[in-house]
Amino acid sequence: AVVARGRSRKIHFGMAIDPQNNTTRYFVLMAGVGLDASVVTGVQPSLKKRFGKAAFVLSGLSHLADWRPQTFTLEVNGKRYTPTFASIGNAASYGGALAITPGARIDQPDFEICIIETASRLRYLRLLSKVMRRGLVGKEEGVQIIHATKVDAFGTAPVQVDGEVIGNLPMSFEIAPFSLEVIVP
């Protein structure tokens, strides 16, 4: 019945481009730089297998206790930022129920980027509670939400895409030059 109705949407992809080895990694949902990539690195496969998404929460809380904030540089729309975390969102949901980039739409050819410029563990815990309840809207202290089609990131912070660590900065993030048309209900 879905095919017969013929409704379709174009889905856009993101690209993480590593200039050091000239590789491109495509992603569907998001790319994360800094704290969350460190958390993903720390998730034990046995916990992930046993607890699923909850393993990331456990790893995150454990990681936050010993975390040493690492800043990096983002260049977006001609401006520079020095965050400890950035999410380059291609979709609204992050890891299932987390709304870090609630305005991102997979059918729109741009990213919603959440930039957090704090090194405070307490501030991150407060932001996490907002992310779990209603999502970040960019009105929180130390948080900026912006839209762009390209992001350049410099430093040595780790990077993950769609929940898998792919390396360290520097990297660029761009909307892919192609889209995929899918049939939807």
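For segment 93-183, the share of accessible area belonging to carbon and sulfur comes to 55 percent (1.4 Å probe, ligands and nucleic acids excluded).
Between Glu141 and Thr23, what length comes free when the chain is fully extended (0.36 nm per residue of separation minus the Cα-Cα distance, one decimal in nm)?
38.9 nm
Here each label is just a point 7 Å from Cα along the line to Cβ, and for Ser120 and Ser179 those points are 4.1 nm apart.
The values are calculated or read from the model by the stated rules, or taken from the named source; none is laboratory data. Worth saying up front: this structure is predicted, and the values here are computed from it rather than measured. When we count neighbours, we look across all protein chains shown, and the Cβ atoms used for this are built from the backbone with ideal geometry, even at glycine. Ligands, DNA and RNA are excluded from the accessible area calculation, which covers all protein heavy atoms including side chains. Shrake-Rupley method; radii C 1.70, N 1.55, O 1.52, S 1.80 Å.
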